[in-house]
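Remarks on the structure that follows.
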Amino acid sequence: MTQSEERLNVTQLFLQHYDGLYRYLVRLTGDADLAADAAQEAFVRLVERPPQDRHVRAWLFAVATNVVRDTARARARWMTLLMGSPDRAPMGDAGQGPDDAAESAERRKVVRAALDRLSWKERTVLLMREEGFAHHEIADAVGTTTGSVGTMIARALNKLAGELAPTSESLR
Amino acid sequence: MSVTAGSRHLGDDDLIRYMDHQLDREGQRLMGAHLRTCAGCTARLEGFRQKSALAKEWLDLLPAEMPDPNKRAVALAALDRTRFRRRSVPMATAWMKAAAAVILLVSVGMATEPMRAFVARGVVRLGGGEPGSAARRLVEWLGQERQLQKPELARARPLPAAVPELGPAAEPGAAAPAAATRPRPAERPAPPKRGVSAPITFTPAGPDVSLVFNSVQAAGSATIWIREVPRANVQAVRGYRNEELVTGADGLEVRNRPGSRADYVITIPTRYRYILVKVADGPEVRIGITKSKREWVWTIGLQNSALDQQLPSEEP
């Protein structure tokens with residue numbers, strides 16, 4: 001592969017997957033800065049050690065997930081993430097009035113808190129499932145078997161429903 | 001998945017995999033068959049579908065914000081830097097590999113005698129034939145002490161290259177003394193050339209010096225030079241092919257062969273009384289050394305053993 005081809009290829013991959021990866025990471029961590037750092041690191045590793053036999057998108061998500069986990073540990077932010085940090089959730093959409101904005105922020109806060117009460121693996125499998133990954137790809141990312149991914153998704157759905165269903169109407 | 005139609009209820013993981021279409025065709029068919037007959041599993045599946053749809057709604061409440069353009073730009077720049085570094089690495093790696101290969105070759109080569117001798121010669125030459133103490137220690141460490149001896153012997157060598165040019169049976173006392181007495185500038189001893197042996201000094205213990213050639217040769221000659229030198233010495237100056245020059249208490253034995261073609265220069269100090277020369281099975285010829293024979297040179301052919309016909313009479 002020539003330099004220009006390589007550059008084109010990596011740039012294309014970046015344009016294709018960066019936004020989706022960033023969105024997933026923000027949902028996973030509730031921290032936009034951490035999400036941006038992890039997404040960048042995943043693409044850097046893609047250049048340094050490209051996957052030989054795995055789908056690039058799944059590989060990027062798996063690497064970024066591991067980066068987030070390791071970084072969170074390193075920053076001692078791990079406990080914060082596990083115990084919930086709804087205040088850190090990205091706030092606000094443009095174009096809303098003050099009341100709407102406040103209401104949206106409240107809803108997000110509740111969802112964020114419910115997500116943060118899931119275990120790291122449960123949150124990861126749930127969010128990766130939402131991104132459309134197959135169970136075997138999710139299993140690679142979280143380091144488990146394909147069979148147990150179904151169990152974790154079921155548990156995550158049950159927990160989330162237990163947290164949010166009582167307030168479901170108010171969330172709509 | 002171990003469930004068949006009409007058997008026990010499906011597990012949550014089975015239902016999720018069925019719902020997410022993560023089973024193969026046969027698995028999906030078996031699950032579907034079971035669900036058609038099992039109201040309980042169907043209800044649980046429906047429950048998961050609702051929870052899944054709700055989860056999607058809830059997750060969609062989280063902001064799908066786009067990354068900060070500055071952060072995107074920073075990430076792209078980081079990618080470019082990484083690409084540049086990555087392209088640079090193979091060159092550095094190539095140099096490191098080449099260096100490692102050279103070091104490996106030298107290391108392996110140092111385990112062999114020819115390589116050690118080569119390195120020792122290089123060290124001695126770099127030192128101008130007179131290496132310093134560190135260089136000497138290195139040469140000794142390489143087990144090549146003989147490389148240190150060569151320059152010393154070369155300094156004591158009496159003009160080996162000039163004498164054979166006299167030709168066979170040159171007139172004693174004519175050209176050679178003139179050449180020998182000509183003042184010469186100090187020279188760095190030249191390394192042995194191809195076909196030239198290392199010079200060897202020897203000191204016979206008795207009053208006479210014995211020179212024995214084990215065989216007649218296909219070609220070549222021996223030049224015997226009587227000089228005011230402290231020690232006798234010998235060197236094959238041309239056509240040398242590993243003939244052995246063996247020195248002992250009596251003098252010199254040249255272990256040559258019928259096919260040999262070497263020329264030898266043998267310098268004998270004037271303090272000895274006689275030179276006893278013998279070629280192959282020929283008669284031993286005795287040459288007396290007198291004061292008048294200082295700087296005298298005889299060149300004898302080694303193609304036959306009849307030395308008495310070649311050597312000048314003792315009293316000219």
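The values are calculated or read from the model by the stated rules, or taken from the named source; none is laboratory data. Note that the structure is a prediction, hence the values are computed from the model and not measured. We place every Cβ from the backbone using ideal geometry, glycine too, and count neighbours over all the protein chains shown. In case anyone asks, the SASA skips ligands and DNA or RNA and just uses the protein heavy atoms, side chains included. Shrake-Rupley method; radii C 1.70, N 1.55, O 1.52, S 1.80 Å.
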Exercise. Can you find even one residue in segment B:92-113 that is closer than 22 Å to A:Glu122 by Cβ and either open to solvent by 50 Å² or more (accessible area, probe 1.4 Å) or in contact with an Asp or Glu (Cβ under 9 Å, 6 or more places away or on another chain) (or both)?
Worked result: no
For this session: Go through (1) open to solvent by 20 Å² or more (accessible area, probe 1.4 Å); (2) closer than 21 Å to B:Gly288 by Cβ; (3) touching a Lys or Arg at 6+ places or on another chain (Cβ under 9 Å); (4) not small (Gly, Ala, Ser) one by one and return the number of the condition B:Glu244 breaks.
Result: (2)
Exercise. Residues in segment A:121-157 that are open to solvent by less than 10 Å² (accessible area, probe 1.4 Å), among the polar types (S, T, N, Q) and within 10 Å of chain B (Cβ to nearest Cβ): how many?
Worked result: 0
For this session: Take the residues in segment B:51-68 that are at pLDDT 80 or above and either more than 7 Å from chain A (Cβ to nearest Cβ) or part of a loop (DSSP other than H, G, I, E, B) (or both), then tell me which one is farthest from A:Arg112 (Cα to Cα).
Result: B:Ala53
Exercise. Condition test on B:Leu15, is it under 22 Å from A:Glu131 (Cα atoms), among the hydrophobic types (A, V, I, L, M, F, W, C) and crowded, with 19+ Cβ neighbours inside 10 Å?
Worked result: yes
Exercise. Which strands (runs of 3 or more DSSP E) does segment B:242-289 wholly contain that include 3 or more residues that are among the hydrophobic types (A, V, I, L, M, F, W, C) and at pLDDT 90 or above?
Worked result: B:263-269, B:274-279
Problem set entry | Hey, B:Ser305 surrounded by fewer than 15 Cβ atoms within 10 Å (Cβ to Cβ) and small (Gly, Ala, Ser) or not | no
For this session: Only one of these is more than 16 Å from A:Asn66 (Cβ to Cβ), open to solvent by less than 10 Å² (accessible area, probe 1.4 Å) and at the interface with chain B (Cβ under 7 Å from one of its Cβ atoms): A:Leu160, A:Leu118. Name it.
Result: A:Leu160
Exercise. Is it fair to say A:Thr167 is more than 8 Å from chain B (Cβ to nearest Cβ) and either touching a Pro at 6+ places or on another chain (Cβ under 8 Å) or at pLDDT below 85 (or both)?
Worked result: yes
